Ligand SMILES: CC(C)(COP(=O)(O)OP(=O)(O)OC[C@H]1O[C@@H](n2cnc3c(N)ncnc32)[C@H](O)[C@@H]1OP(=O)(O)O)[C@@H](O)C(=O)NCCC(=O)NCCS
């Protein structure tokens with residue numbers, strides 16, 4: 001067993017988790033590193049600390065807007081969300097949808113991932129359309145997106161949904177993420193856009 005695997009095993013061992021419950025410290029990460037993420041080993045352990053998954057609530061909107069702008073104004077999207085209020089308005093429109101559902105993921109109380117979507121009643125059954133899905137830049141590629149999608153899928157199956165639908169860009173890391181998680185490209189569909197005011 002490699003040193004890294006052995007340390008990981010130690011930190012995720014349920015006996016140790018029980019032992020630390022009474023100490024007021026959330027987990028071994030807090031005990032040993034006291035929030036210091038300056039070295040590579042501690043960074044790795046940070047990604048293994050517990051994730052807290054909750055349904056989206058209106059109080060999450062401002063923090064969600066900050067995270068949304070941070071993620072989508074950087075590689076590979078470079079969206080030009082210059083105004084916080086414009087981004088907030090966009091997200092508010094999503095959450096005001098009467099058939100909205102959202103998930104927020106926190107790590108040590110900090111928002112690290114969000115999934116926002118809505119129900120679509122289709123002739124093939126109840127579908128869930130993912131409007132936005134994002135993981136904090138520094139935490140991408142550590143399994144948070146996969147775990148969030150797994151939880152979403154479990155909940156949707158329980159609620160009688162039979163398909164997940166979303167739009168993303170071709171040839172960006174997110175496309176590979178979705179393909180790895182069981183999505184396929186619907187070749188029969190295309191996205192049509194008309195720029196208004198232009199001939
Ligand atoms: C797409 C996204 C939600 C995936 O979540 P994640 O936690 O990074 O993904 P996971 O760690 O669970 O899965 C890793 C896989 O996703 C893909 N991936 C996507 N973005 C990645 C990134 N920035 N870093 C590493 N892997 C990434 C890779 O294929 C990777 O597989 P690999 O480890 O075998 O190479 C997240 O990277 C993200 O928020 N990206 C920016 C915003 C975005 O593109 N959202 C989707 C819009 S539709």
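Listed by first and then second residue, the pairs with beta-carbon distance under 6 Å, at least 6 apart or on different chains, first residue in segment 165-183 and under 19 Å from residue 147 (Cβ atoms), second assigned to a loop (DSSP other than H, G, I, E, B) and near the ligand (Cβ under 10 Å from one of its atoms), are 174/168. Filter segment 158-180 for residues that are near the ligand (Cβ under 8 Å from one of its atoms) and closer than 18 Å to residue 132 by Cβ and give the result. Those that are near the ligand (Cβ under 8 Å from one of its atoms) and closer than 18 Å to residue 132 by Cβ: 166, 167, 168, 169, 172, 173, 174, 177, 178. Taking each residue of segment 128-148 that is assigned by TED's automatic domain parsing to the domain that holds residue 102 and looking for partners that are more than 8 Å from the ligand (Cβ to nearest atom) and at pLDDT below 95 with beta-carbon atoms closer than 6 Å, six or more apart or interchain, yields 142/47. Taking first residues from segment 62-79 that are closer than 13 Å to residue 104 by Cα and more than 8 Å from the ligand (Cβ to nearest atom) and partners that are at pLDDT 95 or above and outside any helix (DSSP H, G or I), the Cβ contacts under 6 Å between residues at least 6 apart in sequence or on separate chains come to 63/111; 64/114; 67/111. Residue 177 satisfies every condition listed in (1) outside any helix (DSSP H, G or I); (2) within 14 Å of the chain's Cα centre (by Cα) except (1).
The values are calculated or read from the model by the stated rules, or taken from the named source; none is laboratory data. As the structure is a prediction and not an experimental result, all values here were calculated from the model. Please note: Cβ atoms are built from the backbone with ideal geometry, for glycine as well, and neighbour counts cover all protein chains shown.
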